[in-house]
Amino acid sequence: MAGTELESRDRLRCVIIGAGMAGLLAGIRLKEKGDQFVIYEKGDKVGGTWRENRYPGLTCDVPAHAYTYSFAPNPEWSQFYAPGPEIQHYFERIADDYGIREHIRFGTEVAACRYFGGLWHITLSDGSTDVADVVIAATGVLHHPRTPDIPGLNSFAGDCFHSTRWDDTVPLDGRRIGVIGNGSTGVQIVSALSERASRLVHFQRSPQWIMPVQNFIYSETDRHAFRSDVSNIDAIRFGQDYWGGIRRFNAAIIDADSPEMAEIEAIVLRNLEESVTDPELREKLRPSYRAACKRLIYSPNYYAAVQRPNVFIETGPIERVEPEGVRMRDGTLHALDLLVLATGFHADRFVRPMIMTGRDGADLNQAWAVRPTAYYAITIPDFPNLFLLNGPTAPVGNFSLIDIAERQWAYIDQLLDLLRQGQCSAVAARHDALADYEERRITAARHTIFGSGCTSWYLDAHGVPLTWPWSYDRFAEAMAAPKLSDFELA
């Protein structure tokens, strides 16, 4: 129990923030080690982003068999790219199968964490408190909705909501629908609703490059084969088709002049040229920036969807929203019954807005005054025994974040072993180690494709990509073992 002397502490007391993919992983691994832990979850279910997002057309753009925990394959996926409800069901089942649900306090948001006296003191939204040796922040990245600053938005007389606050009671068929935003979410919603709306307007400030993919259905015969022999699943999640694509994309990201980037650009350009027949529409859909500068969109049917006669692509600037619909700067009024805001998230908040106070009163907002950062995306100087999963500067893009989180956990667990074994009572990255990491990372990040000249949620307030700028293999190597000389061990 927290508060006992170090030499008699044979089990850690841990608080995990968030019961999404990463929080469940942390709980499973801590349970295996025999540690005490509780997971505080602000929502009413597990699943994180898959709980929050329920919009039509929701799928994961990582192949389903690669988007599972390495220790828990799922033979029941219905298709190559799994729909959101199936992914949510997967995490619900994992929580039950591994006995994690009994450790979760739902509807409980962490308001503040303060480190003093060698412990983390946690204040919860209901006013209650907890103490812990270790805090694991598994809060995710994309969970604070970004609402566009459009004049008159609140005056709209129809239904209006952010994509992550989807209202299932609102009818869709035969209605006039507008979708603002064309990241992965906007593209998926438009593709799904193009056959249901009487008129569908897709408002986009800048078009997207679309990587063509095929999303095929798994038959019962396929699922039987997956159930009977896990090697049939491994052939997909560890196969050359998947990992070859990962390595090609990774090489393209870190070297914008690489043959791999040239190949990707040729594919997406050919997809645009060959898929869109109307020259005027084709030019509306042609981006002015390089492929993958924004998060590359994977879609099997977006170009087909926007060529339906009831779909209109609007690239002009919005003047305001009126009760009847959206008024453009050129005077055009798009009359609508439903307005969907697929406008993304505040991707720079991470554990915020909770108050995080470290050693000697260190304030996280001050530590992140320039940009959110953490040593190898995991630890922050002056915040001992606080570890982040999928924190700032972690690998992002078209990768499986489950794989990333598992590698991060293997790294974190080696630091926790120092506490378990009594080698120290507190561990945090050194200031000079973080400074060195950030200097190297920023220099490399500016030369990635993300820094090639577009706006995206990958960029921090100073225009620097807030991403891992090196290869996947280098990330795996870094996560294999902590360099202890880069840590303060107290």
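Things to note:
- Enumerated helices (runs of 4 or more DSSP H) restricted to the stretch 364-483, each holding at least 1 residues that are under 20 Å from the mean Cα position of the chain (by Cα) and closer than 29 Å to residue 185 by Cα: 401-420, 431-445, 472-480
- Selected residue (only one of 418, 388 is hydrophobic (A, V, I, L, M, F, W, C), under 24 Å from residue 71 (Cα atoms) and open to solvent by less than 50 Å² (accessible area, probe 1.4 Å)): 388
- Subset of the stretch 293-335 (residues that are of a type in the set (D, E, K, R) and modelled with pLDDT of 95 or more): 308, 314, 319, 320, 322, 324, 327, 329, 330
- When residues of the stretch 391-404 are limited to those that are open to solvent by less than 10 Å² (accessible area, probe 1.4 Å) and touching a Leu at 6+ places or on another chain (Cβ under 7 Å), the one farthest from residue 253 (Cα to Cα): 392
- Given (1) of a type in the set (Lys, Arg); (2) open to solvent by 70 Å² or more (accessible area, probe 1.4 Å); (3) over 23 Å from the mean Cα position of the chain (by Cα), number of the condition residue 247 does not satisfy: (3)
- Pick from the stretch 283-314, criterion among the basic types (Lys, Arg) and part of a loop (DSSP other than H, G, I, E, B), ranking: farthest from residue 335 (Cα to Cα): 290
- In the stretch 133-147, residue nearest to residue 26 (Cα to Cα) [restricted to those that are modelled with pLDDT under 95 and not hydroxyl-bearing (Ser, Thr, Tyr)]: 140
- Any chance residue 359 is farther than 16 Å from residue 135 by Cβ, basic (Lys, Arg) and open to solvent by 10 Å² or more (accessible area, probe 1.4 Å): no
- Of all residues in the stretch 416-438, those that are closer than 22 Å to residue 357 by Cβ have Cβ atoms under 7 Å from Cβ atoms of residues that are open to solvent by less than 20 Å² (accessible area, probe 1.4 Å) and among the acidic types (Asp, Glu), 6 or more apart or on another chain, in 419/133.
- Contacts under 7 angstrom Cβ, first residue in the stretch 54-78 being among the acidic types (Asp, Glu), partner open to solvent by 10 Å² or more (accessible area, probe 1.4 Å), 6 or more apart: 61/81; 61/184; 61/298; 61/398; 76/223
- Pairs with Cβ under 9 Å, 6+ apart, first in the stretch 298-323 and farther than 21 Å from residue 154 by Cα and open to solvent by less than 60 Å² (accessible area, probe 1.4 Å), second among the basic types (Lys, Arg) and in a strand (DSSP E or B): 310/199; 311/199
- Test for residue 321: is it part of a strand (DSSP E or B) and either under 30 Å from the mean Cα position of the chain (by Cα) or not acidic (Asp, Glu) (or both): yes
- Output for the stretch 36-64, where each listed residue is among the acidic types (Asp, Glu) and either at pLDDT below 95 or surrounded by fewer than 20 Cβ atoms within 10 Å (Cβ to Cβ) (or both): 44, 52, 61
- Meets criteria (assigned to a helix (DSSP H, G or I) and either among the charged types (D, E, K, R) or touching a strand residue (DSSP E or B) at 6+ places or on another chain (Cβ under 7 Å) (or both)) for residue 223: yes
- For the stretch 252-282, a tally of residues being open to solvent by 30 Å² or more (accessible area, probe 1.4 Å) and assigned to a helix (DSSP H, G or I) returns 16.
- Applying the criterion of being outside any loop (DSSP other than H, G, I, E, B) and closer than 18 Å to residue 15 by Cβ to the residues of the stretch 82-108, the residue that is most open to solvent (accessible area, probe 1.4 Å) is 102.
The values are calculated or read from the model by the stated rules, or taken from the named source; none is laboratory data. Owing to the predicted nature of the structure, the values given are computational and were not obtained by experimental measurement. Note that we place each Cβ from the backbone using ideal geometry, even for glycine, and neighbour counts take in every protein chain shown. Surface areas here come from the heavy atoms of the whole protein model, side chains and all, with no ligands, DNA or RNA. Shrake-Rupley method; radii C 1.70, N 1.55, O 1.52, S 1.80 Å.
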